[in-house]
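The values are calculated or read from the model by the stated rules, or taken from the named source; none is laboratory data. It should be emphasised that the depicted structure is a prediction, and the values quoted were computed from it without experimental measurement. Don't worry about glycine lacking a Cβ; one is built from the backbone with ideal geometry, like all the others, and counts go over all protein chains shown. Heads up: the accessible areas ignore ligands, DNA and RNA and are worked out on the full protein's heavy atoms, side chains in. Shrake-Rupley method; radii C 1.70, N 1.55, O 1.52, S 1.80 Å.
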Amino acid sequence: RLKPMLFDDEHLEEASAARASPVTKALRSEHAKTKDASKTANDGSPLHSFRTLLQDLSTLAYNVTHTHLNPEAKIITTTRPTPLQAKAFALLGLNPACTQ
């Protein structure tokens, strides 16, 4: 689901069909080569490796606090997601503000 944000090849079938034999080295599709060269997604946003995407997503904070007047009451807040975080969560079908 996150492939539009990553350097991953979204057209593996196309690249596999171009190989002469399944045991030869896998080739990148033309679309993937274009993504690699431009380092941007179709919408113009920067592409990420899985590691850098996780680093960007890890800055979202989930805070649980309470007041002195009622220490038993939990106040839960999350930071506002960046546009990149919002896009990633939307592609995954997740809402970080909703907790269980």
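Structural remarks
- Summed over qualifying helices (DSSP H, 4 residues or more, each -39500 (n - 2.57)) and divided by its residue number, the chain shows a 222 nm mean residue ellipticity of -9500 deg cm²/dmol.
- Converting phi to 3J(HN,Hα) with the Karplus coefficients 6.51, -1.76 and 1.60 and the offset θ = phi - 60°, the range 77-82 yields 10, 10, 6, 6, x, 5 Hz in sequence order, with x at every glycine or proline.
- Over the range 50-100: Rg over Rh, Cα atoms, Kirkwood Rh: 1.10
- Area of Lys33 that stays accessible when all protein chains are in place (1.4 Å probe, Å², to 10): 100
- Evaluated on the chain, the Kirkwood hydrodynamic radius is 16.5 Å, with distances taken between all distinct Cα atoms.
- The chain: most fluctuating residue of Pro22, Pro81, Pro46 per GNM, C-alpha cutoff 10 Å: Pro22
- Computed magnitude of the charge dipole of the range 1-72 (debye, nearest 20; Cβ of K, R +1, Cβ of D, E -1): 300
- Ranking His66, His11 from most to least accessible surface, computed with a 1.4 Å probe over the protein chains only, gives His66, His11.
- Anisotropy class assigned to the range 8-65 is prolate, per the alpha carbon gyration tensor with a/c at or over the 1.5 cut-off and a/b larger than b/c.
- Linear extension gain, His11 paired with Ser45, 0.36 nm per residue minus alpha-carbon span: 10.3 nm
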